[in-house]
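To keep things clear, I will list the structure first and then write my remarks on it.
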Amino acid sequence: MRFAIFNVFVSLKLLAIAETHFGSVVFIYKSDEIIVNDLWWDQVDYIIFFTTPIYDMLQVMDTDRPSLHLVFEMWDTMIKKVKTTIYKHIHRQIEEKTNFYEVIYEIFIYYSNEWLNEVPNRLLPHRDAEILEERNKCLRRYFPSNEKRNMIFQEYARFSRALDTFESFDSLQDRWNLEPKSWWLVHGSSTPYLYFKV
């Protein structure tokens, strides 16, 4: 797929492909003419500019700290930055369509909100029955006692629906600003069983 995109939009010939940490493509072309050619370097700059937002997002996500809750927001921001870079390079208005951006966009929307809305029966993870059942199985294993498990289910419901203390502005805002463990330490004391597990 990447090779096909490369062939359609770049007039250079690809001689070697080397996989990197993120699975991106590095191309090697040995020619003295190319190294001194300003147009070639402009194309290299362009490739670097429109892939920089992708790389930046991957770099933020490639961490040991919990950051899954930030993916959707960062994904949408990254798509907008890539689009802006591409459209600036080809001197087009954002409303216009370009073949190159359309191909890139098709790759990007795989997990975006548009992807979720594209098919009527596609669900967000928190509305997916299979995911809910697996979460409940996990909670049943952690809490074999019916009494404790019912309390955990009640606490989880309050948390996931942002009820009681979780509906405060600070609690909702901090979900985006704090790391999950820090958020639970600041806002989770009203749910002692969940708080204890964190």
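Derivation of every value follows stated rules applied to the coordinates shown; laboratory data play no part. Only a predicted model underlies this, so the values are computations on that prediction, with no experimental measurement involved. For neighbour counting, all protein chains shown are included, and Cβ atoms are generated from backbone atoms with ideal geometry for every residue, glycine included.
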Exercise for the section: Give the residue that is surrounded by the most Cβ atoms within 10 Å (Cβ to Cβ), with candidates limited to residues of the stretch 169-197 that are free of Cβ contacts under 8 Å to residues at least 12 places away in the same chain and farther than 27 Å from ARG140 by Cα. Expected result: LEU178
Problem - From ASP174, ASP164, residue being in contact with a helix residue (DSSP H, G or I) (Cβ under 9 Å, 6 or more places away or on another chain) and on the phi > 0 side of the Ramachandran plot - result: ASP164
Completion exercise
Of the residues in the stretch 48-97 that are touching a residue at least 60 places away in the same chain (Cβ under 8 Å) and in a helix (DSSP H, G or I), the one that is surrounded by the most Cβ atoms within 10 Å (Cβ to Cβ) is LEU70
Practice task
State whether one or more residues within the stretch 145-167 are outside any loop (DSSP other than H, G, I, E, B), among the charged types (D, E, K, R), surrounded by 15 or more Cβ atoms within 10 Å (Cβ to Cβ) and in contact (Cβ under 8 Å) with a residue 24 or more places away in the chain.
Solution key: yes
